[in-house]
Amino acid sequence: MASKPQRIAGVVRPPGDKSISHRVLMMAALARGTSEIAGLLTGDDVKSSARVLRQLGADISRIQESGVRISGSRLLAPGSRLNCGNSGTTARLVLGVLAGQKFRATLTGDASLRRRPMRRVTVPLKQMGADIKEKGDGLPLTIRGGTLRGLTYTSPVASAQVKSALLFAGLTGRVPVTIREPYRSRDHTERLLAHLGLEIHERDGAISYQPSAGSIPAFQIAVPADPSSAAFLIAAAILAQEGELVVENVGVNPTRTGFIVVLERMGAHVERVNLRDAGGEPVADLLVRPAQLRGTEVTAREIPTLVDEVPILAVLASRARGETVFREVGELRVKESNRLELIAANLRAMGTRAEARGNDLFVEGNEKPPRGRVTTASDHRLAMAFAVLGTVGSADVQLSKSVAISYPNFFRDLKRCFA
Ligand code: S3P
């Protein structure tokens, strides 16, 4: 931004939740009848899911926030490769959907996605009986699903994508599935299944799905705003010098609100008002004011509840008093970019002491005006995190803009937050 506004004001509504958007599209494609979805994210990742589902025979209207209609049906063998673009969620969850289908399909994606690990999903899906041909740990790969057997699985990673892929496999293959994970990851798939009246339970940390005889009913749902996108606006408000910002209609599912929990520990106050329910998901409006933060330790257990917010939290930590440590963030190496190394390198390029040691990330807060050029490696969340750092008074942060994946109007909304 050309000028450096320091007063935050107004009301802003971030776009629909990316995770929920993928899941409702896939569920609607499997349901019997026509489903209607309001507030769907229109970002490129969700369009990748829609494109792939259309190739599999689903009838999906144009992807727009005002409303999308999806007519589900029996899925059909695709005529060509399924291109998942940049979207790890599309690739991994669709693998689960395909595990229960008696046809062959090949999945691929862009250069970033082709490098991302898929074995975390293909290993348990093979145990269920899916036939998967893969070269190495990534895309492209070919899956032929069909008659599956039930699975009880302990995942070595806390990953909602792994958990959701297995739940979708249970759903399409009509077999029971029980999953344990080292720490609880986001539970949107579980909530959606429960909301649709399907049998899903949690006992002693294990999630169990029991198949039922009937079909999935068509549904109408409103997708709340994405807390991971809201995080950038909340951060901009905290870094401002005065004013107050209202971030509207944000999902506050406890498996997603680690960012707010940690911010409160660091000395900010994010007030939740108008708490309500949308399709089985808790939603609130958030009131945020500027605050001086202090460093903290973010524990391994908290990481899955803020995994996509580590870049923006690290940016905030660079403006806090004292050191912040993020424990066990090795998973960040296999996101859209090697986020762990790029967060540290970019903060250093801005004049902050930051370092990845083993799987931990250390950031030392300072008050120097941030200056420098950011390497985003086309990673949307790195671009947005460092754009927020650029709103600090007399900052000079240069970066390439690649935000359409999860927040197409990010720069417009960020500008609107400043009076
Ligand atoms: C997601 C889960 C997380 C997250 C990603 C979306 C999901 O990935 O980083 O942006 O929708 O299930 P992992 O499951 O790999 O942790």
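The values are calculated or read from the model by the stated rules, or taken from the named source; none is laboratory data. In this text, all values refer to a predicted model and were calculated from it rather than measured experimentally. Positions of Cβ are generated from backbone atoms using ideal geometry, with glycine treated the same way; all protein chains shown enter the neighbour counts. Note: areas computed on protein heavy atoms with side chains; ligands, DNA, RNA excluded. Shrake-Rupley method; radii C 1.70, N 1.55, O 1.52, S 1.80 Å.
Within the stretch 38-65, if we keep just the residues that are more than 18 Å from the chain's Cα centre (by Cα) and within 16 Å of the ligand (Cβ to nearest atom), the residue that is surrounded by the fewest Cβ atoms within 10 Å (Cβ to Cβ) turns out to be Leu53.
From the list Ala91, Ala58, Ala130, Ala160, the lone residue that is touching a Leu at 6+ places or on another chain (Cβ under 8 Å) and touching a residue at least 40 places away in the same chain (Cβ under 8 Å) is Ala91. Report whether or not Ala77 is surrounded by fewer than 23 Cβ atoms within 10 Å (Cβ to Cβ), touching a residue at least 60 places away in the same chain (Cβ under 8 Å) and among the aliphatic types (A, V, I, L, M). So Ala77 fails the test. Checking each residue in the stretch 101-114 for being open to solvent by 30 Å² or more (accessible area, probe 1.4 Å), more than 12 Å from Leu82 (Cβ to Cβ) and touching a residue at least 24 places away in the same chain (Cβ under 8 Å) picks out Lys102, Asp110, Arg114. Only one residue in Val94, Val68 is within 16 Å of the ligand (Cβ to nearest atom), open to solvent by less than 10 Å² (accessible area, probe 1.4 Å) and outside the structural domain of Val307 (by TED's automatic domain parsing). Which one? Checking each option against the conditions leaves just Val94.
Hey, any hits in the stretch 223-241 for a residue that's open to solvent by 20 Å² or more (accessible area, probe 1.4 Å) and outside the structural domain of Thr147 (by TED's automatic domain parsing)? The answer is yes, given that some residue of the stretch 223-241 is open to solvent by 20 Å² or more (accessible area, probe 1.4 Å) and outside the structural domain of Thr147 (by TED's automatic domain parsing). Scan the stretch 315-326 and tell me whether some residue there is modelled with pLDDT of 95 or more and under 14 Å from the mean Cα position of the chain (by Cα). No, the stretch 315-326 has no match at all. Taking the numbered list (1) hydrophobic (A, V, I, L, M, F, W, C); (2) within 16 Å of the ligand (Cβ to nearest atom); (3) crowded, with 17+ Cβ neighbours inside 10 Å in turn, Val123 passes all entries but (3). Would you confirm whether any residue within the stretch 137-149 is free of Cβ contacts under 8 Å to residues at least 24 places away in the same chain and either more than 25 Å from the chain's Cα centre (by Cα) or open to solvent by 10 Å² or more (accessible area, probe 1.4 Å) (or both)? Yes, the stretch 137-149 has at least one match. Taking the stretch 285-309, which residues are of a type in the set (A, V, I, L, M, F, W, C) and under 17 Å from Arg184 (Cα atoms)? Val298, Ala300, Ile303, Leu306, Val307 - these are the residues of the stretch 285-309 that are of a type in the set (A, V, I, L, M, F, W, C) and under 17 Å from Arg184 (Cα atoms).
Of the residues that make up the stretch 180-187, is at least one without any contact (Cβ under 8 Å) to a residue 60 or more places away in the chain, open to solvent by less than 30 Å² (accessible area, probe 1.4 Å) and either in contact with a strand residue (DSSP E or B) (Cβ under 7 Å, 6 or more places away or on another chain) or more than 12 Å from the ligand (Cβ to nearest atom) (or both)? There is no residue in the stretch 180-187 that is without any contact (Cβ under 8 Å) to a residue 60 or more places away in the chain, open to solvent by less than 30 Å² (accessible area, probe 1.4 Å) and either in contact with a strand residue (DSSP E or B) (Cβ under 7 Å, 6 or more places away or on another chain) or more than 12 Å from the ligand (Cβ to nearest atom) (or both). Of the strands (runs of 3 or more DSSP E) that lie entirely inside the stretch 1-111, those containing 2 or more residues that are closer than 18 Å to Ala169 by Cα span 104-108.
For the criterion of being of a type in the set (A, V, I, L, M), within 21 Å of Ser208 (Cβ to Cβ) and more than 15 Å from the ligand (Cβ to nearest atom), Leu82 fails. Any residue in the stretch 112-119 that is away from the ligand (no atom under 16 Å from the Cβ) and out of contact with any Leu (no Cβ under 9 Å at 6 or more places or on another chain)? No, the stretch 112-119 contains no residue that is away from the ligand (no atom under 16 Å from the Cβ) and out of contact with any Leu (no Cβ under 9 Å at 6 or more places or on another chain).
Of everything in the stretch 188-227 that is within 14 Å of the ligand (Cβ to nearest atom) and either charged (D, E, K, R) or more than 13 Å from Ile20 (Cα to Cα) (or both), the residue that is nearest to the chain's Cα centre (by Cα) is Asp226.
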